[in-house]
Amino acid sequence: MLAMSFLNDLYSSVNVVPFVAAVVGLLFLYWYQRPKNFPPGPRGIPLLGTIPFTGKYVERAAAKWSKQIYGPVMALRLGRDDVIVLNNLDSINKALVKQHTTFSGRPRNAFIEDVVKGGIVFVEGNFWKSQRKFGLLTLRGLGVGKKSMEEYVATEASYFNEAVRSENGKGFDISTLLHKAISNNICSVIFGKRYEYDDKEFEVILNRFVHVFDDPLSAAAARMVAFSPYFKKIPPFSFAQYKFLKNSAITAKFVKDIVQEHRDSYDQGNLRDFMDAFLKEQQAGGSEDFSDEQLLHYISELFIAGTETTSSTLNWALICLLHYPETQRNLRKEINRVIGAYGKVCMYHKPNMPYTNAFIQELMRYRTLAPLSVPHKTTESSELNGYFIPKGTTILPNLWAVHNDPDYWNEPDKFKPERFLDNDGQFVSSNHVIPFSVGPRHCLGEQLARTEIFIFLISLLQKFDILPDPDAKELPDINGATGGLACVPNPYRVSAKEL
Ligand code: HEM
């Protein structure tokens, strides 16, 4: 009996082994497959792709692999999908500028699908075109890029400087203050309101939602769910999705209350802000694109996109000043020469300040705020650098790689504003510095951000010497970012000594 059962087992195992081997082989073939003439790049391991191998900074891993092995247009398997990473300026221009009609879509992955239901950042096609046109015209109409917006930013900068002064030269957390001040600029544009720096409700909203950019765990979970949707229901990834949805609901409630206030006091003859301009489109009733839900999403996205980005850039500026004190001396020399110790800081001073322009350009190169930009998607099959790119492919423009290409930049890992000054000390603008991306889908808030960075930085340095926190053992970390979706510095403190 025993011998019979052994033989039976052996017989069935002989059948099972080739079957399992065939299934594994087929799965492997399926995993290995890519379209003909697809860009080259690593596949990683089944289900996860290269996610376990990229480390915290995907852009740096992609830039290294592209230089060493695959070339500027490379594929990277993230989860179960291949994305295409563009690692130099030429390929980014070819895609986002020359073939912008094909490369201006946005991917809808499992994470975005649940979280984003409209707005401007993740929509595409004719809907995106109409919302983008409306956004550009409205921002311009509200004075962005003009004197009126500049005046507003300058007033907020003076409130900010007052708050800095009240610290009396002690070490303090300047980044939280900057966050609130910069957020006030976008709040004034979108719903005509600014908040006191000690407003608790505002603080809760900022902490809950805007910090999504700098929370490494949420970012890692978002990446996992986006590229490997099977993780969507598994903790801890499911918690991140839940947290994101909960925070979205809180922001939506905050925005909804403001919408109601606007509806109650709306006057067509006196459009106060972005929200009023949207309500006007709604009342004209010409298009379904201007729904109540879309208003909530559009406003929430401008609020988020307009806060962490610019405040983090300014935080990096202050950290660079601490690490390179001679740059602070050079900036102040220029401020004294062009504006004076008491003059009002205005955008018309900027063209006469070559060192300041060089500092800001180097800042945006050295610490690329959105290292992989915002993902694009091909809306048709196309060709790039001789490779076939199928319709629906996710495209990641690696802005960090453009800003750190060792074949283009001398010592890219050093902060050197002088690289943008010619022999006569004049500023040399570079088309290799593209923090706002390029093409028709580039950052909608570029002009506002540039105005804020100039006015806030120069007004602060006109009044204060920015010094290390006397109680800190070492200078703030200039290399490590929090590892979230954007390049956000770790918490730090400074002391500001009044001049
Ligand atoms: C230093 C500050 C900022 C940086 C570095 C930055 C960077 C970027 C980048 C790289 C993109 C992606 C562009 C693309 O998809 O090709 C983007 C998109 C966008 N940004 Fe900014 N941004 C900044 C500030 C702002 C501000 C202040 C606003 C508020 C108005 C804003 C609103 C947007 C919007 C709405 C989009 C989506 C545009 C679209 O999809 O059509 N950004 N930004």
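The values are calculated or read from the model by the stated rules, or taken from the named source; none is laboratory data. This one's a predicted model, so the numbers in the text were calculated from it and none came from an experiment. Reconstructed Cβ throughout: ideal geometry from the backbone, glycine too, with neighbour counts over all protein chains shown.
Right, Arg132: under 24 Å from the mean Cα position of the chain (by Cα), assigned to a helix (DSSP H, G or I) and buried (at least 16 other Cβ atoms within 10 Å of the Cβ) or not? Even if it seems obvious, please write down each step before you answer.
Details: under 24 Å from the mean Cα position of the chain (by Cα): yes; assigned to a helix (DSSP H, G or I): yes; buried (at least 16 other Cβ atoms within 10 Å of the Cβ): yes.
Yes.
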Inside the stretch 391-412, the number of residues satisfying the requirement of being more than 14 Å from the ligand (Cβ to nearest atom) and hydroxyl-bearing (Ser, Thr, Tyr) is 2
Restricting the stretch 51-71 to residues that are under 18 Å from the mean Cα position of the chain (by Cα) and outside any helix (DSSP H, G or I), which is surrounded by the fewest Cβ atoms within 10 Å (Cβ to Cβ)?
Lys56
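Any chance the stretch 369-380 includes a residue that's touching a residue at least 40 places away in the same chain (Cβ under 8 Å), more than 23 Å from the chain's Cα centre (by Cα) and surrounded by 14 or more Cβ atoms within 10 Å (Cβ to Cβ)? Give the steps one after another, and end with the answer.
So the first thing to find is which residues in the stretch 369-380 are touching a residue at least 40 places away in the same chain (Cβ under 8 Å), and the list is 369-380.
Among the residues that remain, those that are also more than 23 Å from the chain's Cα centre (by Cα) are: 380.
Those left that are additionally surrounded by 14 or more Cβ atoms within 10 Å (Cβ to Cβ): none.
No; the residues of the stretch 369-380 include none that is touching a residue at least 40 places away in the same chain (Cβ under 8 Å), more than 23 Å from the chain's Cα centre (by Cα) and surrounded by 14 or more Cβ atoms within 10 Å (Cβ to Cβ).
Can you tell me which residue in the stretch 100-129 is surrounded by the most Cβ atoms within 10 Å (Cβ to Cβ), limited to those that are in contact with a strand residue (DSSP E or B) (Cβ under 6 Å, 6 or more places away or on another chain) and at pLDDT 90 or above?
Restricting attention to the stretch 100-129, the residues satisfying the condition of being in contact with a strand residue (DSSP E or B) (Cβ under 6 Å, 6 or more places away or on another chain) are 102-103, 105-107, 124.
Checking the rest, the ones that are also at pLDDT 90 or above come to 102-103, 105-106, 124.
Numbers: Thr102: 20, Phe103: 27, Gly105: 23, Arg106: 21, Glu124: 16.
Once the filter is applied, the top-ranked residue is Phe103.
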Among Phe388, Phe415, Phe436, Phe456, which is among the hydrophobic types (A, V, I, L, M, F, W, C), within 16 Å of the ligand (Cβ to nearest atom) and in contact with a Phe, Trp or Tyr (Cβ under 8 Å, 6 or more places away or on another chain)?
Phe456
Looking only at the stretch 138-167, how many residues end up being on the phi > 0 side of the Ramachandran plot and modelled with pLDDT of 95 or more?
0
Log entry, pairs with first residue in the stretch 425-444 being within 22 Å of Val374 (Cα to Cα), second being away from the ligand (no atom under 16 Å from the Cβ) and not in a loop (DSSP other than H, G, I, E, B), beta carbons closer than 7 Å, six or more apart or on different chains, reads Ser430/Phe420
Every listed condition ((1) among the hydrophobic types (A, V, I, L, M, F, W, C); (2) farther than 24 Å from Cys487 by Cα; (3) away from the ligand (no atom under 12 Å from the Cβ); (4) under 21 Å from the mean Cα position of the chain (by Cα)) holds for Ile205 save (2)
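Name the residue, out of Glu362, Glu326, that is under 27 Å from the mean Cα position of the chain (by Cα), over 30 Å from Asp81 (Cβ atoms) and of a type in the set (Asp, Glu).
Values: Glu326 fails: under 27 Å from the mean Cα position of the chain (by Cα).
Among Glu362, Glu326, only Glu362 is under 27 Å from the mean Cα position of the chain (by Cα), over 30 Å from Asp81 (Cβ atoms) and of a type in the set (Asp, Glu).
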Any idea which residue in the stretch 360-407 is farthest from His100 (Cα to Cα), counting only those that are in contact with a strand residue (DSSP E or B) (Cβ under 9 Å, 6 or more places away or on another chain) and of a type in the set (Gly, Ala, Ser)?
Ala401
Here the qualifying pairs (Cβ atoms under 8 Å; residues six or more apart or on different chains; first in the stretch 391-406 and outside any loop (DSSP other than H, G, I, E, B); second more than 12 Å from the ligand (Cβ to nearest atom) and among the basic types (Lys, Arg)) come out as Trp400/Arg60
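Restrict the check to the stretch 138-145 and report whether at least one residue is more than 21 Å from Tyr348 (Cβ to Cβ), within 16 Å of the ligand (Cβ to nearest atom), crowded, with 21+ Cβ neighbours inside 10 Å and within 23 Å of the chain's Cα centre (by Cα). Spell out the reasoning first.
Narrowing the stretch 138-145 to residues more than 21 Å from Tyr348 (Cβ to Cβ): 138, 141.
Those still in the list that are within 16 Å of the ligand (Cβ to nearest atom) too: 138, 141.
Those left that are additionally crowded, with 21+ Cβ neighbours inside 10 Å: 138.
Next, from what is left, pick out any that are within 23 Å of the chain's Cα centre (by Cα): 138.
Yes, because at least one residue in the stretch 138-145 is more than 21 Å from Tyr348 (Cβ to Cβ), within 16 Å of the ligand (Cβ to nearest atom), crowded, with 21+ Cβ neighbours inside 10 Å and within 23 Å of the chain's Cα centre (by Cα).
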